[in-house]
Amino acid sequence: MKRYLTSQLRPGMVLGESIYSLEQDRVVLEKGTVLDERAITRLKLQIAIAVLIDEDETPEEEASVPDREPSHAEKLRATPEFQQFKQDFEETFSDFGNKLNDVVTAGADLEPEELSAPVMDLIENTTGPSGLFDMLHSLRQYSDETYAHSVNVALISNAIGQWMNLPPADLQVLTQAGLLHDIGKLLVPRDIITKPGRLTEEEYRIIQQHAQKGYELVKDRDLDPRIKNAILMHHERCDGSGYPSHLETEAIDPFARYVAIADVYDAITSARVYRDALCPFIAVEIMESEGLQKYDPQAILTFLTNVVNVYLFNRVRLSDGREGEVVFINRQHFARPTVRTGNEFVDLARETELSIEAII
Ligand SMILES: [Fe+2]
Ligand SMILES: [Fe+2]
């Protein structure tokens with residue numbers, strides 16, 4: 001038996017211990033489970049930092065990776081459009097980081113229009129919200145920098161706004177709200193923000209102060225009130241389970257509700273460094289399993305429908321190794337569409353032991 005970091009896990013390894021949920025109230029994976037990609041993703045995202053592996057039961061690693069079709073993300077990354085997007089994205093977030101730092105540490109003016117101009121350019125250069133979203137997804141393996149999260153949330157918020165048919169003026173404000181939502185994090189000690197591993201209760205409480213602290217920083221400035229509210233309320237949840245004030249749906253600014261969806265989605269998809277972009281169906285499954293009642297009902301439906309639609313008619317690989325095509329989206333369960341493999345239709349909402357492992 002040996003302990004492995006979740007980043008070292010590979011399919012075929014056999015768990016040497018049972019893994020419990022965060023609340024320690026149920027077994028998530030039994031001792032003796034043979035890990036597949038899906039189980040590994042779950043471990044990385046939600047449960048453990050390191051797990052015990054039974055090496056006697058684990059077969060030797062195959063010498064060479066069998067030939068497989070390159071993933072959708074790999075193919076997209078090879079295109080000139082993607083290379084350009086990546087370059088623009090990196091320039092945008094480093095520039096944004098410098099400017100924001102000046103606001104917080106040197107008392108510079110906060111100019112949302114100027115700050116968001118490069119982000120709006122980035123959006124202009126993509127083919128609509130779905131193209132933007134797809135690019136962003138495939139960018140994952142590159143960007144884990146501090147300010148990348150802000151730019152990601154700005155771009156995803158913009159996509160949500162477009163999918164919700166907001167007018168252009170609102171779209172711009174929403175994008176700015178996404179860009180600035182975590183400004184308060186610059187006022188929280190850096191060693192806590194960047195601490196690897198699980199936080200203590202006290203550290204968690206300190207991090208949670210970023211919403212209020214960010215609001216204090218901007219409340220007297222000449223800024224659109226929706227941006228101020230997004231900074232203050234992006235961790236509020238529609239069912240009252242959020243912070244800092246346990247507000248419910250109507251009391252939460254709609255822009256904060258939209259940014260909240262973008263924020264959670266980005267946190268899920270960038271939680272760890274992946275070998276490949278996290279399959280969006282897994283990200284959607286995690287949001288669904290945590291409860292969609294936390295989010296703006298109309299916005300979350302619009303968001304999930306469109307995210308999943310980006311990959312409608314795409315080829316995917318199922319967890320049993322079969323490949324097929326997403327042919328039908330299930331609005332009761334977005335992460336579990338119907339996939340056609342050969343002449344067979346696999347309804348993942350019924351065949352719950354299967355899942356989509358990768359988009360190819
Ligand atoms: Fe936040
Ligand atoms: Fe955030």
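The values are calculated or read from the model by the stated rules, or taken from the named source; none is laboratory data. What you see is a predicted model; the values in this text were computed from it and never measured. Methodologically, a virtual Cβ is constructed for each residue, glycine included, from the backbone with ideal geometry; neighbour enumeration extends over all protein chains shown. Ligands, DNA and RNA are excluded from the accessible area calculation, which covers all protein heavy atoms including side chains. Shrake-Rupley method; radii C 1.70, N 1.55, O 1.52, S 1.80 Å.
A compact table of results
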item: Candidate set from segment 93-114 (those that are closer than 11 Å to LEU179 by Cα and under 23 Å from the mean Cα position of the chain (by Cα)); member that is surrounded by the most Cβ atoms within 10 Å (Cβ to Cβ); result: PHE93
item: Single unsatisfied condition, ASP170 versus (1) surrounded by fewer than 22 Cβ atoms within 10 Å (Cβ to Cβ); (2) more than 15 Å from ligand 2 (Cβ to nearest atom); (3) closer than 30 Å to SER71 by Cβ; result: (3)
item: Hits in segment 183-227 - residues which are among the hydroxyl-bearing types (Ser, Thr, Tyr) and within 13 Å of ligand 1 (Cβ to nearest atom); result: TYR204, TYR215
item: Those residues of segment 331-360 which are open to solvent by less than 40 Å² (accessible area, probe 1.4 Å), within 21 Å of the chain's Cα centre (by Cα) and not aliphatic (A, V, I, L, M), in sequence order; result: PHE334, ARG336, PRO337, SER355
item: Any hit, segment 189-202, residues being under 13 Å from HIS235 (Cβ atoms) and either of a type in the set (D, E, K, R) or within 15 Å of ligand 2 (Cβ to nearest atom) (or both); result: no
item: Filtered residue count, segment 148-167, keeping only those that are within 12 Å of ligand 2 (Cβ to nearest atom) and in contact with an Asp or Glu (Cβ under 8 Å, 6 or more places away or on another chain); result: 5
item: Members of segment 292-328 found to be over 19 Å from the mean Cα position of the chain (by Cα), free of Cβ contacts under 8 Å to residues at least 40 places away in the same chain and crowded, with 17+ Cβ neighbours inside 10 Å, listed by number; result: LEU318, GLY324, VAL326
item: Restricting segment 228-251 to residues that are away from ligand 1 (no atom under 14 Å from the Cβ) and in contact (Cβ under 8 Å) with a residue 40 or more places away in the chain, the residue that is surrounded by the most Cβ atoms within 10 Å (Cβ to Cβ); result: CYS238
item: Yes/no for VAL326 being at pLDDT 90 or above, among the β-branched types (Val, Ile, Thr) and within 20 Å of GLU74 (Cβ to Cβ); result: yes
